[in-house]
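Only one structure is covered here, and it is reproduced in the block below.
No lab work stands behind these numbers, since they all come straight from the coordinates. Predicted model only: the values in this text are computed from it and were never measured. Counting neighbours? That spans all protein chains shown, and the Cβs are built from the backbone with ideal geometry, glycine included.
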Ligand code: NAD
């Protein structure tokens, strides 16, 4: 099969290379089509997301992406936002599960964060009203709100999940989240066999900290989803282990929740598991279910064996030792 590969910045090339090795060890022959994005692309093409990269993803439909660095408060618009909007990757899906062998305050966490990926405060609609006063538009459209909630219910249906919780702040943002909530309720009516719950986002944070096992599928707008994804990653072992997917009607881009981690880039301390599991999600998406499951089993076995683990997992290993162990486990 063919798939696009974006190495990304910082630890990106280290962890995506690890993922490619594990996929190969699982017996899937992937012809990875390299596409530029991020800081290196900005230097070479004058654009951190060249049109050619979007075209390649449109052609091959699936991509594995390393994280890219986004300058804070200046320079280029976020590559991730442009990618999600440009390819209409409207749904971000992040499965958050407890992993045996990773010590955390919680056990048996098994939830999925579904985040609207194209609108809300990250629509990129900001302007200066007068010097010293700026405005950000929090865009909510009925079409996008209904689409993401329907996606969450379809996911629940396909995976036999019981509850979809819609997270919002409609008491304060009465118009924007008011519309979103109205859409969520209408879509929920269509799925009487899945329980529907609606909760204020601040309450959700409290309950996640108290007992994350209460949750099943969570669905919400863009910025809330961004924050909740990182929070949930922290519940099960951190950014190094949680995978993710950005899914549209036609294209899908798979990437970890974490960023380019410039503080550890080049030191060999990067945990490749989040990107390895994102690659497994890609395989699952294209119908290679057994290979995807094989990789997930290898991750579980590696964590349980505690061999070669990187410092974020309490080990003294490196990206290379952890990847070697994953490859060994997947090939068993
Ligand atoms: P980050 O996720 O890169 O790092 C946060 C902390 O987690 C750091 O201490 C880092 O060392 C650690 N960490 C992250 N991934 C790890 C891994 N695989 N193994 C071990 N430790 C890991 O977040 P940040 O520092 O806020 O962002 C750095 C850059 O990444 C920024 O430019 C940001 O815009 C970008 N970013 C990109 C994406 C993406 O491309 N999808 C996502 C988030 C952030």
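Per-structure values
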read-out: Overall form of the chain per C-alpha gyration tensor (a/c, 1.5; a/b vs b/c); value: oblate
read-out: Residues 173, 220, 281 arranged by fewest to most Cβ contacts within 10 Å; value: 173, 281, 220
read-out: Percent of beta bridges antiparallel (DSSP, the chain, rounded to nearest 5); value: 45
read-out: Alpha carbon centroid spacing (whole Å) that separates segment 110-129 from segment 181-213; value: 18
read-out: Part-to-part distance (alpha-carbon centres) for segment 16-46 and segment 257-332, which is given in Å; value: 16
read-out: Fewest-first ranking of 180, 193, 215, 151, using other Cβ atoms within 10 Å as the exposure measure; value: 193, 151, 215, 180
read-out: Rounded, prolate or oblate (a/c below 1.5 giving rounded, otherwise prolate when a/b exceeds b/c) for segment 211-285 by Cα gyration tensor; value: oblate
read-out: 222 nm mean residue ellipticity, helices alone, for the chain (DSSP H n ≥ 4; -39,500 (n - 2.57); rounded to 500); value: -12500 deg cm²/dmol
read-out: Cα shape, segment 179-332, gyration tensor, a/c 1.5 rule; value: prolate
